[in-house]
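The values are calculated or read from the model by the stated rules, or taken from the named source; none is laboratory data. These numbers were taken from a predicted model, which means no experiment stands behind them. Positions of Cβ are generated from backbone atoms using ideal geometry, with glycine treated the same way; all protein chains shown enter the neighbour counts. Each accessible area value is taken on the protein alone, full model and side chains, heavy atoms only, with ligands, DNA and RNA left out. Shrake-Rupley method; radii C 1.70, N 1.55, O 1.52, S 1.80 Å.
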Amino acid sequence: MNKRPNVVYVFGDQHRAEATGYAGNPDVHTPNLDRLKEESVIFSTAVSTIPVCSPHRASFLTGCYPLTHGVFVNDVHLNHEAVSIADAYQQAGYDTAYIGKWHVNGRGRSRFIPREDRQGFDYWQALECTHEYHHSSYYQNDPNRKIWAGYDAEAQTHSAQEYLRSRRHTDRPFFLVLSWGPPHNPYHDAPQSFQALYRHRALHLRPNVPEAMRDQARTDLQGYYAHITALDSYLGDLWETLQTENLEDETILVYTSDHGDMLYSQGEVRKQRPWDESILVPFLLHYPQRFDHNPREITVPFASPDIMPTLLGLSGIAIPSTVEGTNFAPYLFEEHDELPVKGALIECIHPFGEYTRAVGGREYRGLRTKRYTYVKDLRGPWLLYDNVQDPYQLHNLCNQPETKDLQARLEALLVQELRRRNDEFLPGEAYLKQWGYSVDETGTVPYTL
């Protein structure tokens with residue numbers, strides 16, 4: 001293969017792993033994702049290391065863990081000390097493009113982001129952060145704000161399709177990121193045609209949703225699934241454009257998300273929590289030229305910092321020395337049955353926003369292995385689940401006599417991982433002081449619109 005592959009990296013915001021048809025969800029309609037899964041490598045234990053917006057995005061962009069890049073809360077600035085994923089592709093001769101939500105500039109959610117703060121992306125149609133999906137703004141190369149027409153995810157997809165069509169005039173490979181705001185709440189802002197699919201449907205609920213919250217859960221899931229079905233439709237449009245432009249075979253197409261959404265499982269909402277609804281995300285990697293349309297499942301944990309080195313590895317590009325994640329590329333073929341990864345780190349370095357201490361928010365460190373979840377907080381071991389025997393995480397096995405040896409093994413693995421990361425597991429205030437962040441009474445870094 002003479003030409004390096006193109007990369008189209010598409011991700012929604014707050015799309016949990018189980019909310020797809022291919023994952024077994026009986027309610028959500030995702031025909032394009034289901035079809036893509038049949039022709040892709042699926043990472044079935046894809047883990048958001050800190051399951052909240054800015055920290056995951058910073059790890060995707062740098063291949064580093066949060067205590068290295070410093071973005072462990074929302075609305076702080078990601079420095080450019082590490083070689084970013086766009087830098088690496090650009091240095092390898094790629095054109096780089098970013099469309100949609102950014103959320104790592106940390107200098108106001110609606111302010112213009114200058115070129116030096118774009119982490120190596122040249123083509124630019126982005127805004128720091130908004131979830132006003134029907135009057136959403138963005139910037140290009142000057143401070144004149146523009147407005148996406150209609151539902152922003154649809155308009156952003158049309159823009160990405162136009163970008164793909166423009167590639168017929170050049171032989172240079174490209175790295176395109178399309179970052180959608182949905183299915184993040186507000187849940188009921190998808191176009192009416194998608195909301196109508198769920199309005200009168202009796203939805204199934206996960207057994208870990210408390211009885212008192214089940215009516216609200218069904219209401220919110222109706223809107224959440226409508227967003228997801230809309231995104232699925234747009235992903236299908238994008239995939240079709242890759243095909244009609246004869247780009248599909250030579251393009252790595254990824255669909256994923258930055259983190260999940262509890263949606264009342266365990267009696268909790270939103271993200272930052274250590275349960276699977278919060279930490280697990282979809283991750284499909286479609287690359288016909290290398291994988292010959294044959295689906296393959298990777299069940300070992302695949303964490304946020306692993307994305308950059310894996311994509312670079314598949315593209316034949318040297319991985320910068322600043323990267324801390326694992327390159328999975330050599331292990332994505334049939335001859336490799338297992339990977340040298342025992343567990344993905346999950347953590348909350350400082351609870352904030354919707355995960356304040358007032359609602360039970362706490363600092364934690366943990367591991368999500370292929371089978372188990374083990375988490376401890378500042379007081380000691382907190383959670384232990386066997387996710388094979390207990391997929392809804394209803395039975396906490398922590399500190400039980402029958403799991404003493406298992407817990408000790410998982411504790412040793414976690415300690416080993418924290419040592420590798422030079423993580424002393426201090427209270428969140430210590431890291432806020434180290435990075436010079438000021439927070440309000442909810443633990444949130446104040447931001448301006």
Original post:
Is at least one residue of segment 306-319 over 18 Å from the mean Cα position of the chain (by Cα), farther than 30 Å from PRO173 by Cβ and either at pLDDT below 95 or open to solvent by 60 Å² or more (accessible area, probe 1.4 Å) (or both)?
Top reply: no
All conditions in (1) modelled with pLDDT of 95 or more; (2) surrounded by fewer than 23 Cβ atoms within 10 Å (Cβ to Cβ) are true of LEU332 except (1)
Taking HIS77, is it open to solvent by 20 Å² or more (accessible area, probe 1.4 Å) and more than 28 Å from ALA196 (Cα to Cα)? yes
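Residues checked against (1) in a loop (DSSP other than H, G, I, E, B); (2) in contact with a helix residue (DSSP H, G or I) (Cβ under 6 Å, 6 or more places away or on another chain):
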{"residue": "THR20", "(1), (2)": "yes, yes"}
{"residue": "VAL28", "(1), (2)": "yes, yes"}
{"residue": "GLU39", "(1), (2)": "yes, no"}
{"residue": "THR49", "(1), (2)": "yes, yes"}
{"residue": "SER54", "(1), (2)": "no, no"}
* Would you check if there is a residue in segment 140-154 being small (Gly, Ala, Ser), closer than 19 Å to ALA230 by Cβ and open to solvent by 50 Å² or more (accessible area, probe 1.4 Å)? => yes
Contact list, first residue from segment 393-408 and over 19 Å from ASP377 (Cβ atoms), second anywhere and part of a loop (DSSP other than H, G, I, E, B), beta-carbon distance below 7 Å, six or more apart or interchain, is LEU394/PRO207; LEU394/ASN208
If you go through ARG409, ARG419, the only one that is assigned to a helix (DSSP H, G or I), within 26 Å of the chain's Cα centre (by Cα) and more than 30 Å from LEU205 (Cβ to Cβ) is ARG419
Within segment 3-49, restricting to residues that are open to solvent by 10 Å² or more (accessible area, probe 1.4 Å) and closer than 23 Å to ALA86 by Cβ, the one that is modelled with the lowest pLDDT is LYS3
Within segment 212-266, the residues that are hydroxyl-bearing (Ser, Thr, Tyr) and part of a loop (DSSP other than H, G, I, E, B) are TYR264
For this session: Taking ARG206 as the residue in question, decide whether it is out of contact with any Gly (no Cβ under 8 Å at 6 or more places or on another chain) and outside any loop (DSSP other than H, G, I, E, B).
Result: no
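Determine which member of the set GLY267, GLY236, GLY260 is in contact (Cβ under 8 Å) with a residue 24 or more places away in the chain, touching a helix residue (DSSP H, G or I) at 6+ places or on another chain (Cβ under 7 Å), on the phi < 0 side of the Ramachandran plot and surrounded by fewer than 19 Cβ atoms within 10 Å (Cβ to Cβ).
GLY236
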Of the conditions (1) open to solvent by 10 Å² or more (accessible area, probe 1.4 Å); (2) assigned to a strand (DSSP E or B), the single one that PRO182 does not satisfy is (1)
Within segment 431-449, of all residues that are open to solvent by less than 40 Å² (accessible area, probe 1.4 Å) and in a helix (DSSP H, G or I), the one farthest from PRO381 (Cα to Cα) is LEU432
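Tell me, yes or no, whether segment 139-150 has at least one residue that is at negative phi, touching a residue at least 40 places away in the same chain (Cβ under 8 Å) and part of a loop (DSSP other than H, G, I, E, B). Even if it seems obvious, please write down each step before you answer.
Taking segment 139-150 as the starting set, the residues that turn out to be at negative phi are 139-149.
Narrowing further to those that are touching a residue at least 40 places away in the same chain (Cβ under 8 Å): none.
No; the residues of segment 139-150 include none that is at negative phi, touching a residue at least 40 places away in the same chain (Cβ under 8 Å) and part of a loop (DSSP other than H, G, I, E, B).
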Listed by first then second residue, the pairs whose first member lies in segment 203-219 and is in contact (Cβ under 8 Å) with a residue 40 or more places away in the chain and among the basic types (Lys, Arg), whose partner is open to solvent by less than 50 Å² (accessible area, probe 1.4 Å) and not in a loop (DSSP other than H, G, I, E, B), with beta carbons under 7 Å and at least 6 positions apart or on separate chains, are ARG206/SER265
If you go through ASN79, ASN6, ASN105, the only one that is without any contact (Cβ under 8 Å) to a residue 40 or more places away in the chain and either of a type in the set (Val, Ile, Thr) or in contact with an Asp or Glu (Cβ under 9 Å, 6 or more places away or on another chain) (or both) is ASN105
Residues of segment 151-179 being part of a helix (DSSP H, G or I), closer than 15 Å to TYR234 by Cβ and among the hydroxyl-bearing types (Ser, Thr, Tyr), in sequence order, are THR157, SER159, TYR163
Meets criteria (polar (S, T, N, Q) and open to solvent by less than 60 Å² (accessible area, probe 1.4 Å)) for THR229: yes
